[in-house]
1. Testing the spin-label approximation: label points 7 Å from Cα along Cα→Cβ at Ala231 and Ser65. State their distance in nm.
2. Once fully extended, how much extra length lies between Trp151 and Leu190, figured as 0.36 nm per residue of separation less the alpha-carbon to alpha-carbon distance?
3. Please give the contour-minus-distance gain from Val170 to Ala27: 0.36 nm per residue of separation, less the Cα-Cα distance, rounded to one decimal in nm.
4. Taking N as the number of residues in the chain, what is its Cα Rg relative to 2.2 N^0.38 Å?
5. Could you please put Leu174, Leu58 in sequence from largest to smallest accessible area, using a 1.4 Å probe?
6. Could you rank the peptides 83-91, 34-42 by their average count of other C-beta atoms within 10 Å per residue, with the highest value first?
7. Take peptides 66-72, 95-101, 149-155 and line them up by average Cβ neighbours within 10 Å, highest first, as a rough protection proxy.
8. Hey, can you rank 121-129, 107-115 by average C-beta count inside 10 Å, highest first?
Amino acid sequence: MTDFAPPPVVPQEPSSLGGRIVNVLVAPGEVWESIRTEAYRTSNWVVPLLIGIVAGILFVWVSFSQPGVIDEIIAQQVKAIDASVADGKMTEELAEKAREQMETMRPMMVTFGRLAGTVAMGVMAVVMQFLVALLLFLIARWGLKSAVSYWKCMEVTGLAGMVMVLGTLVTLFLVVLKGSMAANPGPILLFPDVAMGSPKQALLSSLNVFYFWWAAVLAGGLARLAGRSWAAAAFWVFGLYFLVIAAATGFAAARS
């Protein structure tokens, strides 16, 4: 009787960064397994972070080139002026002059919006990268009772951010199509007349489809690192997400 030896084990080469960036959108489980088993790489979060910053800046510059977006900003300022008149804080004569100045300030609004938006996008992207990684680290330690490296959480956060990059590009398309900064791929598309800054607008904007996708992918990465089920990790990730939604809605309600 002939003995058949098992085939030799061929060590797999480390996955490429480009492959991970693409696969996190279509096969995140494979990406998270490579993150779990391979050595830490700074590029796994630095490169996606830079891509995200570029996408955010593109969003700002293109959005502020849309006449409808500027009209929307002017309408909000005019609404604030009208409220001041109604409250007796401004005379109608001064209000009328302020309304007339709004149109002459349009080029300045475009320039200021682009510059301020560029800075905000860069700062927000960096802060979110480190903050989300910290939250994953704390969830792993305290919620899932698993010792997970903070820098592994940085890798997961960075690569999961590619979902948000795709979401930014889709949202930009909708902003251009609708001429409104409130447009995003979510239920807010069904309520085009919702008031900007209102609790309803804050709630509907938070229900962006890509936010849910991003949270699901983050939960998958955390589950793989912690050696827990996706459901266990998702309980904590989505729990925090819904707390953020509640806070954003409550803050909008307090301001209105």
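The values are calculated or read from the model by the stated rules, or taken from the named source; none is laboratory data. If you're wondering where the values come from, they're calculated on a predicted model, not measured in any experiment. As a convention, Cβ positions derive from the backbone with ideal geometry for all residues, glycine included, and neighbour counts pool all protein chains shown. Please note that ligands, DNA and RNA were not included when accessible areas were found on the heavy atoms of the full protein model with its side chains. Shrake-Rupley method; radii C 1.70, N 1.55, O 1.52, S 1.80 Å.
1. Between Ala231 and Ser65, the label points sit 4.9 nm apart.
2. Length difference between fully extended and current span is 10.0 nm.
3. Length gained between Val170 and Ala27: 49.5 nm.
4. That works out to 1.28 for the chain.
5. Descending accessible area places them as Leu58, Leu174.
6. The most tightly packed comes first, giving 34-42, 83-91.
7. Packing proxy ranking, top to bottom: 149-155, 66-72, 95-101.
8. 121-129, 107-115
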